[in-house]
């Protein structure tokens, strides 16, 4: 899947390339995702009003800094689905506490189930975000 220029890389700039709306994930695998008639190679951060390239490649890289866009949008989110690739991973207590204080529930699972859960919750118009590590 070739990466699209609008989402080729994430930076800390607020106007970094991104899709300025949310969309269900149509497919995943081969190192990326397909959504909104586009494809993206690499991990993906899905917020209620935008989708961003996410530089995380393994669950051990998930922390407050890598999830800063989610934390900044916490007032629009009730649940954060974290797709951890092909391995099981549990968020550190400090990360859970950060989201608890912001009233966001974290649900971590492998990326396949995370994509399916995200799509269902989006379809139900729930206030959901997803941080999805790309899988081979």
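Coordinate-derived values only; no laboratory data. These numbers come from a predicted model, not from an experiment. As a convention, Cβ positions derive from the backbone with ideal geometry for all residues, glycine included, and neighbour counts pool all protein chains shown.
Taking Cα atoms only, the orientation of helix 111-123 departs from the longest principal axis of the chain by about 90 degrees. Binned at 10 Å from 0, what are the whole-percent values of the Cα-Cα distance distribution for the chain, short to long? Final binned percentages: 13, 50, 34, 3. The distance separating the Cα centre of segment 61-122 from that of segment 37-54 comes to 14 Å.
Given Cα pairs under 8 Å that are at least 6 residues apart, what percent is the relative contact order of segment 18-136? Present the calculation step by step, with values, prior to reporting the outcome.
Numbers: 249 pairs, mean separation 38.9, N = 119.
The value is 33 percent.
Peptide packing: for 84-95, 103-114, the average count of neighbouring Cβ atoms within 10 Å per residue gives the ranking 103-114, 84-95, highest mean first. Which value in nm describes the separation of the simple spin-label points at residue 109 and residue 124, placed 7 Å from the Cα toward the beta carbon? Those two pseudo-labels are separated by 1.1 nm.
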